[in-house]
Amino acid sequence: MELLTNSARRKFGTCPRAFYFAYKLKRRPKKDQEALYFGTVVHKVLEAWWISRLDGMQTVLDTILDNSEKPYFLPTVRALMYAYNNLYANENLYETIAVEKYFECPLINPETGSPSKTWVLAGKIDAIAREKELSKIVIIEHKTTSEDIAPDSSYWMRLKIDGQISGYYLGARSLGFDAQDCLYDVIKKPTIKPFKETAEKKYKADGTLYANMHAADEEPSAWEKRLSEDILNRPEFYFQRKRIARTESDMEEYLYDAWACGREIADADRMNRWPRRPNACIGFGECEYFNVCSGCASIEDDNLYVTLETPNPELEIIK
Ligand code: SF4
């Protein structure tokens, strides 16, 4: 049986050729691996926070080494996570039941009710909690993003049909948790940046630099303080939470979507034909395989791509 994850479905839906590179050849762009690191570290800290709040969070933060090549990385994570703790630690709404729960469950044909012979749905639920007031089981999903997370932004509209959340409801049920709600817990990456030394400095008559010019790179500790103050002044810019419910008809729609996707991947695999989707090449930023499809690079180029051991590394970490 093959694992059908939400990431795989999303990749195939965007472009079958990109799916082929990423999931069949397991070739992933090198630079993506670095960008993913921020989200992975924040996830790790959040996992500890949901187990034992501030104590757990501090323990994990203490294990992250200061990296001289990325001096602002740890200060950035620290500023965000302490602000997260200050915002949510006292609300006392949830009791954590489990964290990082891996699931596999049958992909059911919504027409016949029979399980797929090719695919199982797989994923990892960040946390499962009990809402204390109503004693309701809630799926907790953490996200870090660069997108606008304002309550009326399209970020939240999209989640109404997001397959990942629907899959988590099925996954939670397969683990014995009758989840009745999903708390989507989002952290926005900072848009302000550490100050860099100004290359061409201009001085006023009193010998001081003009505004927006800097004599030297900002100290990491000064950056952490400035970022913490910015978060304190506008927490809603950095942190948002919303409940994402699913009705039975949402779940039925999801099953049709997932089943159709599984069939399409199986057909492409059988014929070994992976159609390109030129409209997706530069839609939301340039596709990571654009160099290859446009003939400027090879998928074999180890300077650009690495071969992963598994097509689903996000699952392997916790298995
Ligand atoms: S560059 Fe375009 S055709 Fe090629 S994998 Fe990416 S989206 Fe598909």
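The values are calculated or read from the model by the stated rules, or taken from the named source; none is laboratory data. Keep in mind that this is a model prediction, so the values were computed, not measured. Here Cβ is always computed from backbone atoms with ideal geometry, including for glycine, and neighbour counts include all displayed protein chains.
Among the residues of region 265-299, those identified as among the basic types (Lys, Arg) and within 11 Å of the ligand (Cβ to nearest atom) are Arg276, Arg277. Restricting attention to region 109-136 and to residues that are of a type in the set (Asp, Glu) and in contact with a strand residue (DSSP E or B) (Cβ under 9 Å, 6 or more places away or on another chain), the residue that is surrounded by the most Cβ atoms within 10 Å (Cβ to Cβ) turns out to be Asp126. In this structure, does Leu87 turn out to be of a type in the set (A, V, I, L, M) and under 23 Å from Asp162 (Cα atoms)? So Leu87 fails the test. Taking residues in region 99-119 that are in contact (Cβ under 8 Å) with a residue 24 or more places away in the chain, and partners anywhere that are in a loop (DSSP other than H, G, I, E, B) and of a type in the set (Val, Ile, Thr), the pairs with Cβ atoms closer than 8 Å and at least 6 places apart or on different chains are Glu100/Ile318; Tyr102/Ile318. The condition (being touching a Phe, Trp or Tyr at 6+ places or on another chain (Cβ under 9 Å) and free of Cβ contacts under 8 Å to residues at least 40 places away in the same chain) is satisfied by just one residue among Ile265, Ile282: Ile282.
Of the residues making up region 14-48, those that are over 21 Å from Ile64 (Cα atoms) and touching a Gly at 6+ places or on another chain (Cβ under 9 Å) are Thr14, Phe19.
Out of Ala215, Ala211, one residue alone is part of a loop (DSSP other than H, G, I, E, B) and touching a Lys or Arg at 6+ places or on another chain (Cβ under 8 Å). It is Ala215. Comparison of Leu227, Leu175 shows that the only residue that is within 20 Å of Ala98 (Cβ to Cβ) and either surrounded by fewer than 17 Cβ atoms within 10 Å (Cβ to Cβ) or at pLDDT 95 or above (or both) is Leu175. The selection criterion, being out of contact with any Ser or Thr (no Cβ under 8 Å at 6 or more places or on another chain), within 30 Å of Arg234 (Cβ to Cβ) and hydroxyl-bearing (Ser, Thr, Tyr), holds for Thr145. No other residue among Ala150, Ala122 is part of a strand (DSSP E or B) and either free of Cβ contacts under 8 Å to residues at least 60 places away in the same chain or among the aliphatic types (A, V, I, L, M) (or both) apart from Ala122. Given the conditions (1) within 16 Å of the ligand (Cβ to nearest atom); (2) closer than 18 Å to Ala22 by Cβ; (3) out of contact with any Pro (no Cβ under 7 Å at 6 or more places or on another chain), report the number of the one that Thr310 does not fulfil. Going through (1) within 16 Å of the ligand (Cβ to nearest atom); (2) closer than 18 Å to Ala22 by Cβ; (3) out of contact with any Pro (no Cβ under 7 Å at 6 or more places or on another chain) one by one, Thr310 breaks only (1). Listed by first and then second residue, the pairs linking a residue in region 208-219 that is closer than 28 Å to Ser68 by Cα to a residue that is assigned to a loop (DSSP other than H, G, I, E, B) and of a type in the set (A, V, I, L, M), with Cβ atoms under 8 Å apart and 6 or more places separating them unless they lie on different chains, are Leu209/Ala215.
For region 1-114, the strands (runs of 3 or more DSSP E) that sit wholly inside it and include 2 or more residues that are of a type outside the set (Gly, Ala, Ser) and within 16 Å of the ligand (Cβ to nearest atom) are 27-29.
Within region 235-255, at least one residue is free of Cβ contacts under 8 Å to residues at least 12 places away in the same chain, loosely packed, with under 11 Cβ neighbours inside 10 Å, part of a helix (DSSP H, G or I) and away from the ligand (no atom under 16 Å from the Cβ).
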